[in-house]
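Taking it in order: structure first as structure tokens, then the write-up.
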Amino acid sequence: MQTILKTQQAELSNFIGGKKMSSQTERWQEVISPIDGKLLASVPMSTRADLELAVAAAKSALPTWSKMPIKERVQVFFRYKKLLEDNMQSLTALICSENGKTEDEARAEIEKSIELTEFACAMPQLVAGEVLEVSRGVECRTERYPVGIVGCIVPFNFPAMVPNWTIPNALVLGNVMIMKPSEKVPLTLMRLAELLQEAGLPDGVLNLVQGDRDIVEAICQHPAIEAVSFVGSTKAAKNVYRQSTAHLKRCLALGGAKNHLIVLPDAHPEMTASNIVASMSGCAGQRCMAASAMISVGQTDHIIELVCAEARKIVAGDNLGAVISAESQKRIEKYITDAEKQGASILVDGRKTVVKGKEGGFYVGPTVIDYVKPDMAIAQEEIFGPVIAIIRTQDMDEALAIENANPYGNAAAVFTQNGGWARYIMERAESGMIGVNIGVPVPREPFSFGGWNESRFGTGDITGKSSIEFWTKLKKITTKWNPTSRTGWMS
């Protein structure tokens with residue numbers, strides 16, 4: 001069962017220079033719990049004047065923090081990791097309350113945040129510079145420097161994990177940050193900021209500015225902000241990338257996904273079915289790694305039957321969380337209804353799901369739709385709900401053509417016991433993350449997270465070793481001290 005955090009309605013603030021600071025705005029938005037529809041808080045839609053205060057705080061903190069040895073900066077995150085562990089239960093309840101996840105899913109977010117922090121604590125071993133004598137008496141060496149003030153814009157679907165994709169790595173590497181939480185789930189991130197302060201993070205190194213699109217655009221345009229990271233929809237990612245780069249910033253913007261699971265007749269039936277259902281229903285399908293389409297190759301009816309049986313074990317309000325809002329619920333149900341009108345067959349129907357005692361919540365039950373055509377909206381667009389569309393094909397090349405025709409490129413997976421066919425898909429699928437008999441092929445640290453095509457705009461990945469390039473500038477130094485050394489063309 002889900003835990004709902006019992007909290008009185010509160011007016012949230014910004015977190016600037018180590019202090020909670022009231023916004024200068026006159027616009028506010030309600031924070032509603034998806035579990036039962038109750039009002040949790042009100043969040044300010046901050047102004048550009050609020051952003052200027054955050055930039056000033058970050059500027060003030062940058063010289064001391066960036067010049068601190070990395071071995072000292074990392075000590076903050078050793079303490080932060082311990083605080084995440086100590087506050088596991090309360091953070092889990094907070095995520096459940098404002099996002100609607102199950103307890104297990106919320107706890108997994110904190111566990112992943114701990115892993116991300118552990119990786120950041122290893123940064124001193126990963127960013128040590130290189131030195132080489134390139135000619136007699138002449139040395140070349142490299143050193144990494146922080147970018148400076150960075151802006152991070154995070155989504156609603158992972159209130160703890162996605163912020164921790166960027167906070168530990170970017171700050172350990174010497175940057176200072178202005179982060180805009182999702183206005184739908186601002187409570188968890190405010191608590192994380194408090195824990196970082198308790199861990200000893202100096203004032204102004206991390207600043208939170210609440211808000212909506214206005215603040216996103218202000219971050220992209222502000223001349224003092226050197227880099228911007230974004231996670232959200234592809235439409236918004238494109239806008240952030242265009243605005244940031246137009247203002248001469250480096251930018252990494254992660255967008256949406258349409259992940260295909262290609263299922264061959266020889267796939268292990270039970271393992272395949274459980275993986276597919278877990279992938280499509282985990283986090284209520286509200287994750288960019290969720291299975292959205294199953295491409296059936298040849299005769300797989302025996303696996304589809306098991307998929308339906310597994311889906312019926314998923315119960316809203318028990319082992320299936322809520323979707324984020326009433327609007328999301330209506331949008332997801334419309335995709336299902338439209339597919340049915342276009343001739344698809346609804347094998348398991350999650351529409352009109354109501355959880356007893358939580359009638360005000362926003363739920364969509366697990367849904368399995370068969371005989372979906374590749375040109376249907378449900379086959380092409382990101383659903384962001386616990387829905388799997390089954391597209392039937394005759395052979396592997398037809399399946400691969402459907403996977404590669406979609407504009408996204410986040411993840412793809414193949415289910416088979418044939419290593420040759422697995423390699424065929426691994427080499428040809430146009431996605432940045434590939435799974436073999438794994439429905440959610442998320443790399444673990446130190447391997448990085450990031451897709452291709454319209455799932456990512458910018459160079460590099462947001463986590464793991466690849467993130468070091470984004471969060472730092474490389475300085476190259478050539479030195480000669482010995483005037484008696486024999487000279488060559490290099491010296």
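Which one of 348, 155, 368 has its Cα pushed farthest toward the positive end of the charge dipole of the chain, where Lys and Arg give +1 and Asp and Glu give -1 at the Cβ? Value computed over the given set: 155. Can you compute the FRET efficiency between residue 238 and residue 134 using 1/(1 + (r/R0)^6), with r the Cβ-Cβ distance and R0 = 41 Å? Round to the nearest 0.05. Plugging the Cβ-Cβ distance into 1/(1 + (r/R0)^6) gives 0.45.
Along the axis of the charge dipole computed for the chain (Cβ charges of +1 for Lys and Arg, -1 for Asp and Glu, origin at the Cα centre), the listed residues 289, 193, 94 are led at the positive end by 193. The dipole here belongs to the range 407-491: it is taken about the Cα centre, uses +1 on the Cβ of Lys and Arg and -1 on the Cβ of Asp and Glu, and is about 620 debye. Site pair residue 246 and residue 125 shows an inter-label distance of 4.5 nm when each label is modelled 7 Å from Cα along Cα→Cβ. Shown is the FRET efficiency for residue 331 and residue 213, computed with R0 = 22 Å from the Cβ-Cβ distance and rounded to the nearest 0.05: 0.70. Close amide H partners of residue 410, meaning residues 5 or more places away or on another chain with modelled amide H under 5 Å apart, are 258, 432, 452.
Over 21 Å between C-alpha atoms is what I'm after, so list which of 101/352; 81/184; 19/180; 184/330; 59/238; 180/249 land there.
Too far apart for the 21 Å limit: 81/184; 59/238.
Karplus-derived 3J(HN,Hα) values for the range 354-368, using 6.51 cos²θ - 1.76 cosθ + 1.60 with θ = phi - 60°, are 10, 9, 4, x, 9, 5, x, x, 10, 10, 10, x, x, 9, 10 Hz; glycine and proline are entered as x. Near the amide H of residue 390, within less than 5 Å, lie the amide hydrogens of 294, 369, 370, 371, 372, all on another chain or at least 5 residues away, with H placed in the peptide plane.
Which whole-number percent is the relative contact order of the chain (Cα, under 8 Å, 6+ apart)? Before the final figure, lay out each step's value.
Values: 1148 pairs, mean separation 89.6, N = 491.
Across the chain, relative contact order equals 18 percent.
Karplus-based coupling profile of the range 332-341, in residue order and whole Hz: 5, 5, 5, 4, 5, 5, 5, 5, 4, 5, with θ = phi - 60° in 6.51 cos²θ - 1.76 cosθ + 1.60 and x standing for Gly or Pro. Cα centroid separation, the range 408-430 to the range 245-271: 12 Å. In order along the range 244-257, phi translates into HN-Hα couplings of 5, 5, 5, 9, 6, 9, 7, 8, 10, 10, 8, x, x, 7 Hz, rounded to whole numbers, per the Karplus curve 6.51 cos²θ - 1.76 cosθ + 1.60 with θ = phi - 60° and x for Gly and Pro.
Values in this text are rule-based calculations from the coordinates and carry no lab data. Since we're looking at a predicted model, the values are computed, not measured. Ideal geometry is used to build each Cβ from the backbone, glycine not excepted, and the neighbour counts take in all protein chains shown.
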